[in-house]
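Written out below as structure tokens is the structure these notes cover.
The values are calculated or read from the model by the stated rules, or taken from the named source; none is laboratory data. Source: prediction; values computed, not measured. Because the Cβ atoms are built from the backbone with ideal geometry, glycine has one as well, and the counts that use them run over all protein chains shown.
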Amino acid sequence: MKILSYSLDNREGLAIELDGRWLDLGRTSPQFPADMAALLTWPDWRQRVADATRDAPVLDLVRAQLLPPVRTGQKILCVGLNYLDHVAESPYPQPTYPTFFLRVASSLIAHGQALVKPRASDAFDYEGELVAVIGSAARHVTPERALEHVAGYTVFNEASVRDYQFKAPQWTMGKNFDGTGACGPWFVSADELPPGAKGLQLVTRVNGIVEQKANTDDMLFDVASLVSLASEVMTLLPGDMLVTGTPAGVGFGKKPQVYLRVGDVCEVEIERIGTLRNAVEAER
């Protein structure tokens, strides 16, 4: 199933795609969640969605503004250097353990909203990535059981401010500017995709030109491994996002380096999930 989050007429809600139409689950009950993270806290969320779908009216998608499909989970856990070709264009050695770091929810924007080029930097870069969304609590899970805890997937453009990323050994500041974490356009349930979202093509385009092209099979640490390793340290909870890393082709790795400019349009497309599209605007 595909589920999006929206805002319309001062109301937020979820909608599910059925036969090419988007049905407004948010109109079926005032208690129905407006965000996938909140929905996934219901153990019977699939049945709740199925029940609500029967009475849901069609959403006026033309008038609706999309929101990040997942935005109220506790954690946005990101992975750097997870594609070998990207490691080769970076100043780092190939990792033997995932390079985990955290993003904050205040950096998130939705499909169609503007990526905000910060006033403080001209080194604003794109990173197309797959996101695994946790559906049930995971602690000390094995790789063999890890995918049982993944509810679905979405697309991420982890726009990075490179000079701030490299000001210190920790990448936090360069990865958390407001308006730099594009997420969407919707959530796709895990049963719609291959296990671990393997074998899917990922393409990033800037102004229609392909800058990144890879396959999720190319990840050094696959989704099951990442969930298992993260769960050794922390309890992963429903609605937590695991942003799985970007392949080669980022602007930082080019010679000469090429960064996003105001007016650029960046698209990240992942096969069988969707295309996340965002223009670049200057910080006000």
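Here are the numbers for this structure:
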| quantity | calculated |
| --- | --- |
| Strands (runs of 3 or more DSSP E) enclosed by segment 35-113 - at least 1 residues per element that are over 13 Å from the mean Cα position of the chain (by Cα) and modelled with pLDDT of 95 or more | 65-67, 76-80, 99-103 |
| Candidates Gln31, Gln65, filtered to the one that is exposed (fewer than 15 other Cβ atoms within 10 Å of the Cβ), closer than 21 Å to Ile273 by Cα, without any contact (Cβ under 8 Å) to a residue 60 or more places away in the chain and out of contact with any helix residue (DSSP H, G or I) (no Cβ under 9 Å at 6 or more places or on another chain) | Gln65 |
| First in segment 256-276 and over 19 Å from Ala114 (Cβ atoms) and aliphatic (A, V, I, L, M), second anywhere and modelled with pLDDT of 95 or more and in a loop (DSSP other than H, G, I, E, B), Cβ under 8 Å, 6 or more apart | Ile270/Leu200; Ile273/Leu193; Ile273/Leu200 |
| Output for segment 258-284, where each listed residue is within 16 Å of Phe124 (Cα to Cα) and either in contact with a helix residue (DSSP H, G or I) (Cβ under 6 Å, 6 or more places away or on another chain) or assigned to a loop (DSSP other than H, G, I, E, B) (or both) | Val258, Tyr259, Leu260, Arg261, Val262, Gly263, Asp264, Glu283, Arg284 |
| Test: residue in segment 190-204 that is over 22 Å from His149 (Cα atoms) and without any contact (Cβ under 8 Å) to a residue 40 or more places away in the chain | no |
| Residues located in segment 107-120, provided they are basic (Lys, Arg) and surrounded by fewer than 23 Cβ atoms within 10 Å (Cβ to Cβ) | Arg119 |
| Failed criterion for Thr154 (all others in (1) in contact with an Asp or Glu (Cβ under 6 Å, 6 or more places away or on another chain); (2) of a type in the set (S, T, N, Q); (3) closer than 20 Å to Pro247 by Cβ hold) | (1) |
| Subset of segment 104-152 [in contact with a Lys or Arg (Cβ under 7 Å, 6 or more places away or on another chain), within 27 Å of Met1 (Cβ to Cβ) and not small (Gly, Ala, Ser)] | Leu108, His111 |
| Exclusive hit being buried (at least 19 other Cβ atoms within 10 Å of the Cβ), modelled with pLDDT of 95 or more and either touching a strand residue (DSSP E or B) at 6+ places or on another chain (Cβ under 9 Å) or farther than 17 Å from Asn82 by Cβ (or both), set Gln257, Gln201, Gln212 | Gln212 |
| Residue check for Ala137: in contact (Cβ under 8 Å) with a residue 12 or more places away in the chain and more than 27 Å from Gln257 (Cα to Cα) | yes |
| Residue among Ala123, Ala137 that alone is closer than 19 Å to Lys75 by Cβ, surrounded by fewer than 21 Cβ atoms within 10 Å (Cβ to Cβ) and not assigned by TED's automatic domain parsing to the domain that holds Asp24 | Ala137 |
| Residues that are surrounded by fewer than 19 Cβ atoms within 10 Å (Cβ to Cβ) and closer than 30 Å to Asp44 by Cβ, drawn from segment 215-239 | Ser225, Leu229, Glu232, Val233, Met234, Thr235 |
| All positions within segment 94-125 that are β-branched (Val, Ile, Thr) and more than 19 Å from Ala230 (Cα to Cα) | Ile109, Val116 |
| Residues satisfying the stated conditions in segment 88-110, i.e. in contact with a strand residue (DSSP E or B) (Cβ under 6 Å, 6 or more places away or on another chain) and more than 20 Å from Val161 (Cα to Cα) | Pro98 |
